[in-house]
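Below: the structure, in structure tokens.
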Amino acid sequence: GNGKRDRFVVIGGGISGLSSAFYLLKQAKQRGRDALVTIVDPSERIGGKINTLKRDGFTIERGPDSFLARKTPIIDLAYDLGIENQLVGTNPKAKKTYILHHGKLHPMPPGLVLGVPTEIAPFAKTSLLSWGGKLRAMMDFVTPASKETGDESIGDFLTRRVGAEVMERVAEPLLAGIYAGELDKLSLASTFPQFRDAERKHGSLIRGMRANKRLAASTPAVATRLPDAVKNSMFLTFRGGLNTMLEALHESLERSGVEWKLGRKAAAFRQNDADEHGEDVAPYEVLLSDGEILEADGIVITAPAFDAADLLEPHMNVDALHAIRYVSVANVVMAFDKATLGIDFDGSGFVVPRSEGTTITACTWTSAKWLHSSPSDKVLLRCYVGRSGDEAVVDLSDNQMTEAVRRDIRNTMGITAEPLFTEITRLHHSMPQYPVGHLQETAKLRTKLRAQMPGVWITGAAFDGVGLPDCIRQGKEAAMGVYKSLIG
Ligand code: FAD
């Protein structure tokens, strides 16, 4: 080192912020530098949307519950933190998923990948779709690829390729689980670029997705880096819930001397005049809501876009951030005695198309999907409420919400038993909706920020992927970006 300490302020203590801090410290170590990282969050609890609750032997996730196994950044981090042996996969006996259609649960035809059929025989047989709908989907094989190069909505794209019926009855309820969004408004390029690539490369979405599947099956690259016990699961979490990762990150960051400023937010930041830069004047100052001022050589902003907009607005145009709307959702977790239900949960749950008119948008059979989550004589269900265009439901009273959910699980699964307990979690403005053109607009914003304020980075779920692995990857990229602009 050169004896000088690099000071970094990470705004936001969610998974993006914690990963940024982790990788800033790793970068510092690799570069032989001394770094002080300070993490600011208005909450007293770290983790942002990640929130695991332990109750009566159950492990309950109030926010995210798992992640895609094939996305390496989170696996790498698990190894870095030494918690890879705590990874668990889904119950292999609960692979089936159902879709509600005219009030009844229909098994999802095998071979659907993100709502796109990749196996024709089961698709042709499914009771979910009309013959007209199936034939329309097969038009994908002969419809030429679009020559447009710009972004479009996923809704427009899917309607164009496989028709409105597949899009409304199958694709939307499945994909909406990830964004709680309206597919007609979500950017294709920043949510499912693989769809567009499939069309371009293969002239057909179905052919392209089939080719991707064959390729994935023949590339064991990821699998080699996973503990044997979880190699066959598409989704993973940790035995003690996602909180395991938070605790491990917290411990590692503590050991590296990270400074926590919890229970207050970053209210503003300013850039010091270049002329003032003496030995002791920091390039940036971050003002906290309690009046404390933190000096910084680098800043990583990971707050949701609307909070980040408040911080950046005094310095530049933030239309790109205001364009990212956030949908509010809630979930209702109910525990039951297995004996009172008499149901064989032979799958991971079901999703609900908008047209069904229920309050719940999906229901995960958590105790069947994740064996570690519940005592063996109990059942845990997690019902999702609220999506783009139907958000008022999130503000129903606890009683009203419980009543609506119980009515839905009675009508769909015949459950009338009294739950042992109910846990309601409301997540206001929690699901970012990437608008059409998102990639270009956010790239412009970042280019401007880099030029105007080197060392200030903006990242997190609002930008390049909402999944936990994507957030971790973005935290890592931020750490490298900040160090690069600091010392090259
Ligand atoms: P956040 O977790 O939102 O963290 C941002 C932090 O910034 C917050 O703690 C906030 O308090 C703080 N902040 C705000 N303003 C300021 C300020 N001025 N100063 C300082 N701090 C500030 N992903 C998956 O991979 N798998 C799933 O199963 C999954 N399920 C989900 C279910 C739900 C209900 C939701 C809402 C999301 C789900 N996701 C899932 C997505 C994933 O959980 C999120 O995208 C991810 O956790 C976001 O992390 P983040 O750090 O970017 O943002």
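Read-outs throughout are calculated quantities, based only on the coordinates presented, and are distinct from any laboratory measurement. The shown structure was predicted, so the numbers you read here are calculated from the model rather than taken from an experiment. Because the Cβ atoms are built from the backbone with ideal geometry, glycine has one as well, and the counts that use them run over all protein chains shown.
Calculated [222 nm] ellipticity per residue, helices only, for the chain: -10000 deg cm²/dmol; basis is -39500 (n - 2.57) per DSSP H run with n ≥ 4, divided by all residues, nearest 500. For region 253-361, the gyration tensor built on C-alpha atoms gives a prolate shape. Its axis ratio a/c (a ≥ b ≥ c) is at least 1.5, and a/b is the larger of a/b and b/c. Listed values for region 49-54 are Karplus-derived 3J(HN,Hα) couplings in whole Hz (6.51 cos²θ - 1.76 cosθ + 1.60, θ = phi - 60°), namely 5, 6, 7, 9, 10, 9, and x replaces Gly and Pro. Using a 10 Å Cβ count of at most 10 others and DSSP loop calls, identify the longest part of the chain lacking such GluC sites (Glu not before Pro). The segment 280-488 is the longest one with no such site.
With q set to 0.28 Å⁻¹, the log10 of I(q)/I(0) for region 289-349, from the Debye formula over equal scatterers at the Cα positions, is -1.25.
Under a 5 Å amide H cut-off, with hydrogens placed 1.01 Å from N, residue 65 pairs with nothing among residues at least 5 apart or on other chains. The charge dipole of the chain, taken about its Cα centre with unit charges on the Cβ of Lys, Arg, Asp and Glu (plus for the first two, minus for the last two), comes to roughly 2060 debye.
The Cβ shell under 14 Å around residue 429 holds other residues with a net charge of 0, Lys and Arg each +1, Asp and Glu each -1. Taking a quarter of the surface of the Cα convex hull of region 133-267 gives a mean projected area of 13.2 nm². Computing Rg and the Kirkwood Rh from the Cα coordinates of region 166-241 gives a ratio, Rg/Rh, of 1.04. A dipole drawn for the chain from +1 and -1 charges on Cβ atoms has a positive end, and of 460, 437, 237 the residue lying farthest that way is 237. Annotation: amide H of residue 268 within the under-5 Å range of 287, sequence separation 5 or more or interchain, hydrogens built in the peptide plane.
Simple rule: put +1 on each Lys or Arg Cβ and -1 on each Asp or Glu Cβ in the chain, find the dipole, and look at 253, 85, 386; the Cα lying farthest toward the positive end is 85.
Modelled spin labels at residue 448 and residue 5, positioned 7 Å past Cα toward Cβ, are 3.5 nm from each other.
Across all C-alpha atoms in the chain, the radius of gyration and Dmax reach 23.5, 75 Å.
Count Lys and Arg as plus one, Asp and Glu as minus one, and take only other residues whose Cβ is under 12 Å from that of residue 444; the net charge is then +1. Close amide H partners of residue 36, meaning residues 5 or more places away or on another chain with modelled amide H under 5 Å apart, are 6, 7, 8. Extension gain, residue 55 to residue 106, is 15.1 nm, computed as 0.36 nm per intervening residue step minus the present C-alpha separation.
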